[in-house]
Amino acid sequence: MKTKIIATALAMLVSVSTMTSPIMAESSAITSDANLFLDRVDRVYPDVATAEKQLQFFKTNLLNNQQPDGRIDNFPQKVTISAGNLVTGNITTNMGFEQGTSSTPDGWSYTGTSNLTWIHDLETSYEGARMLKLEALSESDGSLKQTISNPLDVLVDYVTPATAVVKQDSLLLLSAYVKTEQLSGSGKGVYVKVSFKDAGGADLGNSTMVAVNQGTQDWKELRGLVTVPSTQPTQIVIEAGLDGAMGTVYLDGIRLMRIDSSISTAAGSAGVQVGNKGAAAIPNANFDSTPAWTANKQLNASGPEAAINQTLANGVSGKGGQIVSTSADTVASLSMNATASSNGTRQFGGDYRIFSVKYKTLPGFTAADGKGVAAKISYKDKSGQVIGSRTFYGGSTDGNWGEISGVFDTEYPVYTMSFELLLDHAIGTVIFDNASFIGIDQQSSSTEAGFGAAGLFAYIWEITGKTDALLAKQARKTLDFYMHNRVQTIDNPANADKLLTGAANSGAAYVPYYVSGSTTGADYPTTAFGLHNLASALKYGQELFTSAQLAEGKTQAYSMWKWLTRVVQFSTQKSQNQALVALLGGIEVAMLYDDAALKAEIYDYYTKGIPGTNLPDKAFRDEAREVVDGKSIFYEVKGFDVSYAGVSLSDLAEIIGELPDQDASFKDLKAVIHADGMEMAEYFNSRLAADGWIFAGSRHNEGGGSSFNMGNFSGLSYWAQALNSDLGRFLIKGPSAVTPSYGETANLGHIAVHGPVALHRTIQQYPWVPSEQQKLEDYTFRKGKVSAYYKNENRQPLHISVSGTDFIENLVDSGTTTSKGPKIDRIMGMYFKDGNDKWQYDDVKSTTANMSTPGYFVRKDTGVTTAKSNVTKQYYITNGKSLYNVLAVQFSSDQSYKSLNQLIGLPYMSVPDYPYVPASVDPRMVRINGIYGSDGTPLLDLTKDTGEATAPEMRMGTAKVSGWPELKAVNAPAGGTAKPTWLSTADINQLNAGFTTTNGKVMDDLYTKALWDPTNVRVSDNNGVTVQFANSDKIMVKLTDSAAPVNYKAGEWVYFVAKYAPDSDTDSFTVTPVQTYSTRSDVLQSITIEDSGMKFVLNGSSDLFVDKQAGSVRLNGVKATASDLAALWQERGRTIAGDKASFPYQHDLDGNGIIDLTDLSLLGLYINN
């Protein structure tokens, strides 16, 4: 009898590696997995030495990007190239004359009769430590020259050598700084000139000269716009010197810079075309559309009116604006007003504004002053008052097209501009066409970035011994420029509704978001960071900056604190990392000036609120935090954000570092903030996967950012110490090149202080902690290389991480609609199709029970389905290397289904646990696009819109997933722009108009903003349009899949088994089912899952877990006791054959189908262990 029972049991034993053959999609071609460049932050920045290297990188880039007047933003000096062509950047070598060992600086030659002296004088040189002096006692000439070959050698990002071509018709900006003493003469005076040559040295024309011919004046910039000839030059010659002049001239900072002058086709909020990264173009600039220009036929008090016509096809192409005058007394114009935007969110003002217009005069055109043609630009404040203007002149062109152009700075801010194209005291005809106004905002930088640069310069100056005189000079110039040019006291009309009642026109200082405009509500973050950056600069630069700068900086810092607390609403973007930075800045100011009143104010502001502020009756800590999964955290847009959470923790670490242990005015503020930070750090550690990945946030889908964005992790070493946990596992994007480079250098200023400076300070005191903190809690577990985080509302995994491969929840259109739109479920668990062909998800767990043995964690979640009241039990079993996911369902009533499945998560990415080598492409570090069979056979391309595959085992990235009875992977069909599908090629192509992404980026672009709003799966950062991704591809354990409904009776159980493991795992497992009916394999009495390390027996409501190596057993989640021995003794002799329905499977420890003395002995041994 016993032999027969054993044979029956063996016949039912199933090995997942010998089940059915894979069934694959029709096409075997699979999109390659997308390469990643990730590493742990504690490997990228393991110690102080690497943090110091990053400090130096920031310093080098920011100083190289610095203009002579001190700014590090808004300047087209940084080299960028595209397809081998120069797009932006300076091409002059040794522009500040700093390098060289002979009598002239490297890269320059000199000829002439005036005396040339190369001067080393840090105090009087304008830009760096050196300048050139030209001196002539009588009228003389002298030419300093540099010849540049085209193509030319450049340094991209100031570090990477490249060859680039200056293309024909490119727009260049010539800039040089000159200082004159008693300059006079009959020639042009001091000049700067650019000319172009062909291969034979012949002049190609289009040479440009800018000159000053007399007087004594301090340093002044000479500027000129240069257009490269239509024949591409092979040589570009830059000259500077004296022409027929006597006196003394100083030269410094000669640059020739390519300008990206392209204009976007997107219309601004007032119908104005947006200039590339900058200001705006002129409406109807080519006279071919609307609105029409205003015709002003006579602006002079005397003289006849001019005839003006805008309908003739006499322009460069299409129509032009024509003015005809019969009298030299006539002054007439075509004028156009341009508003940056209807609500003031953009503005025209700033530096390096370019105006140009094409024009031609017909033969016979004469002017009283020899010019007769002009263009005048007037700029106005928000009330419409003119606050400045510039006029550029042209002369007769005798029927040829010419150009009036110029480069200039405007007042700041400017909200409207008027453009006048003038015939000025002339007789004849002039035609205008193709006017443009462009801002050279070549780099995307918020305005507080300059204060960050000043703070970094001051910090490096201090820690390197306070002896670097050149750095000190550059730091002073930076601080001076930004205090005088990037701080505003006039309210931004775009943010009028963000000010407190009665706080308008306060006169308090704030830092606008951008030089050329402001995002609505965004002046709060730039002012918060501006305060922190300025306070840091003042803190480190007390012996560096001048007394006047220190006094002015102090005044501005206090004024910014006033604006942040008493003028604007609290945290206008609901991004609490910004509020914490504001708090940090206030604390720095209070500490720097030992201001007891401010300290007490900050304590009250944080702990209870202060009447008269933007928190009159509520504490900062209460307003800025919300409870998520039982933890109070500093939120981002009413949720947990995986990227900004790291920023908030870094802010908190800096705050704690600033606060003294004892201070009567601050009271116990340090202890309160430390406790708040600990609570958030614990939550962050729970959300952080074993491999360092963190997923699904309210603003960003993934945390980390790049190795440059150190504000995301600069304080994590502090919290790692506080928690005694390896927070350094946090994954960031490693350097994609051996030589580090950063595209938007100006933006380095934004992250300079709360990035490399904060990291350098923190890591000196708090080295990384290597301890792997093991967790087994309600919402998370982590053991070894395996972890999972569970959502509060249904206790289903948000993500699962197994030995470096990560899986995320599925997207499923629920079919229901809320007031906000279709409800999208994000799920794992039971997924089924009913008899009416409707797909449904109904698997919410309500209770969790955790148990552990020396070698394993076991989690058990129990729930009751909403619709049918079916009981669901889900088990997660891990040894720290692999993970079992077992689902058991008991039907509460008779039910029918065409398909029964368990969704087990989508494979997202694989990141092996070893250091990333900069610039390498690691084939095992990927975002996952393809699924393969156990032998490498292609099964399914996740980027496709059709196809499905079944197999007992599937491989993806560096993982293999096994399923019992088997796995099924299905592509979701394309949904188009109305209901697009995750990772669908067709949908991506349709979305490009309003949503830019590429295949392979997967969830990074397509699956953010999903956690806190079930109807909003994506809001495009590009244009604010809601894009709802309704369905994702699915991987599931398949139990039933039938064309006709399959019936299940009340009380019956079904089971699903999945195992996630690294692809190197060689430990196979077996599944032994006990069928309820001999004719059906889907309804079971019991199931046993076993491998070399463990055994798990599940029998409806009872379960047995055995940790084989430890000799440890758990019965229904608890350690076995003597009472269990007694119960087993009472059941000895029972067999499966005798009563399959009521057989105590959990007591059959040896699995032979009989309760006997062997089971009793094993249980006794386990109890003793």
What are the pairs, 6+ residues apart or on separate chains, where a residue within the stretch 541-562 that is of a type in the set (A, V, I, L, M, F, W, C) has its Cβ under 6 Å from a residue that is not in a helix (DSSP H, G or I)? Met560/Ala509
Quick count over the stretch 461-488, residues being part of a loop (DSSP other than H, G, I, E, B) and touching a residue at least 24 places away in the same chain (Cβ under 8 Å), is 3
Suppose we filter the stretch 1116-1169 for residues that are under 60 Å from the mean Cα position of the chain (by Cα) and within 26 Å of Ser1078 (Cβ to Cβ); how many remain? 15
Kindly check whether there is at least one residue in the stretch 515-524 that is in contact (Cβ under 8 Å) with a residue 60 or more places away in the chain, under 21 Å from Ala582 (Cβ atoms) and touching an Asp or Glu at 6+ places or on another chain (Cβ under 9 Å). yes
Consider the stretch 368-385. How many of its residues are over 27 Å from Ser317 (Cβ atoms) and in contact (Cβ under 8 Å) with a residue 12 or more places away in the chain? 9
Criterion first (surrounded by fewer than 20 Cβ atoms within 10 Å (Cβ to Cβ), within 29 Å of Thr805 (Cβ to Cβ) and not acidic (Asp, Glu)) does Gly1111 satisfy it? no
Can you pull out the strands (runs of 3 or more DSSP E) entirely within the stretch 1084-1166 that have at least 3 residues that are within 23 Å of Trp1053 (Cα to Cα)? 1084-1090, 1094-1099, 1102-1107
If we only count strands (runs of 3 or more DSSP E) wholly inside the stretch 706-793, which ones have 1 or more residues that are among the small types (Gly, Ala, Ser)? 786-790
The condition of being farther than 23 Å from Gln99 by Cα and either crowded, with 17+ Cβ neighbours inside 10 Å or among the hydrophobic types (A, V, I, L, M, F, W, C) (or both) holds, among Val192, Val249, Val237, Val212, only for Val212
Those strands (runs of 3 or more DSSP E) completely within the stretch 309-380 that have 1 or more residues that are over 22 Å from Phe408 (Cβ atoms) and assigned by TED's automatic domain parsing to the domain that holds Phe432 are 321-325, 331-339, 353-361
Take the residues in the stretch 560-591 that are modelled with pLDDT of 95 or more and surrounded by fewer than 20 Cβ atoms within 10 Å (Cβ to Cβ), then tell me which one is farthest from Tyr540 (Cα to Cα). Gln569
Tell me whether the stretch 35-47 contains one or more residues that are part of a loop (DSSP other than H, G, I, E, B), closer than 25 Å to Gly749 by Cα and of a type in the set (Lys, Arg). no
Only unsatisfied item for Ala494, checking (1) of a type in the set (A, V, I, L, M, F, W, C); (2) at pLDDT below 95; (3) closer than 26 Å to Tyr605 by Cβ, is (3)
Starting from residues that are closer than 12 Å to Leu592 by Cα and of a type outside the set (D, E, K, R), keep the ones in the stretch 535-552 and report whichever is surrounded by the fewest Cβ atoms within 10 Å (Cβ to Cβ). Gln542
Looking for something part of a strand (DSSP E or B), farther than 30 Å from Thr546 by Cα and touching a strand residue (DSSP E or B) at 6+ places or on another chain (Cβ under 8 Å) - is there at least one such residue anywhere in the stretch 90-107? yes
I'd like to check something: does the stretch 49-72 contain any residue that is assigned by TED's automatic domain parsing to the domain that holds Val194, within 29 Å of Lys477 (Cα to Cα), in contact with a Gly (Cβ under 8 Å, 6 or more places away or on another chain) and among the charged types (D, E, K, R)? no
Can you name the residue in the stretch 1133-1150 that is in contact with a strand residue (DSSP E or B) (Cβ under 6 Å, 6 or more places away or on another chain) and of a type outside the set (Lys, Arg) and, of all such residues, is farthest from Ala1110 (Cα to Cα)? Thr1135
When the residues of the stretch 153-189 are narrowed to those that are crowded, with 20+ Cβ neighbours inside 10 Å and charged (D, E, K, R), which ends up farthest from Ser436 (Cα to Cα)? Lys179
Residues of the stretch 923-949 satisfying the condition of being touching a residue at least 40 places away in the same chain (Cβ under 8 Å), part of a loop (DSSP other than H, G, I, E, B) and of a type in the set (Lys, Arg): Lys944
Would you point out which residue out of Ala508, Ala496 is of a type outside the set (S, T, N, Q) and part of a helix (DSSP H, G or I)? Ala496
Which listed residue is of a type in the set (A, V, I, L, M, F, W, C) and within 30 Å of Thr805 (Cα to Cα), from Val79, Val41, Val87, Val48: Val41
Suppose we keep only residues that are under 28 Å from the mean Cα position of the chain (by Cα) and not in a helix (DSSP H, G or I) within the stretch 637-675. Which one would you say is nearest to Ser536 (Cα to Cα)? Ser643
Can you say whether Leu62 is touching a residue at least 60 places away in the same chain (Cβ under 8 Å), surrounded by 23 or more Cβ atoms within 10 Å (Cβ to Cβ) and farther than 30 Å from Thr124 by Cα, as far as the supplied structure shows? no
Those residues that are over 17 Å from Gly692 (Cβ atoms) and either surrounded by 18 or more Cβ atoms within 10 Å (Cβ to Cβ) or touching a Pro at 6+ places or on another chain (Cβ under 6 Å) (or both), I need them from the stretch 708-721; list them, please. Phe708, Gly711, Tyr718
Just the residues that are among the small types (Gly, Ala, Ser) and either within 30 Å of Ser910 (Cβ to Cβ) or surrounded by 15 or more Cβ atoms within 10 Å (Cβ to Cβ) (or both), please, taken from the stretch 1052-1080. Ala1058, Ala1061, Ser1064, Ser1068
For Ser899, are the conditions met, namely being touching a Gly at 6+ places or on another chain (Cβ under 6 Å), in a strand (DSSP E or B) and not aromatic (Phe, Trp, Tyr)? no
Of the residues that sit in the stretch 159-185 and are assigned to a strand (DSSP E or B) and modelled with pLDDT under 90, which one is nearest to the chain's Cα centre (by Cα)? Thr160
Looking at this structure, is Leu132 closer than 25 Å to Leu471 by Cα and outside any loop (DSSP other than H, G, I, E, B)? yes
Pairs returned, first residue in the stretch 1084-1103 that is of a type in the set (Lys, Arg), second residue that is assigned to a strand (DSSP E or B), beta-carbon separation under 8 angstrom, 6 or more apart or interchain, are Lys1095/Thr1088; Lys1095/Ile1089; Lys1095/Leu1104; Lys1095/Phe1105; Lys1095/Val1106
List the number of the failed condition for Leu137; all other conditions in (1) surrounded by 13 or more Cβ atoms within 10 Å (Cβ to Cβ); (2) in contact (Cβ under 8 Å) with a residue 60 or more places away in the chain; (3) farther than 21 Å from Trp219 by Cβ hold. (1)
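The values are calculated or read from the model by the stated rules, or taken from the named source; none is laboratory data. No experiment lies behind these values; they were computed from the predicted model shown. Positions of Cβ are backbone-derived with ideal geometry, glycine not excepted, and every protein chain shown enters the neighbour counts.
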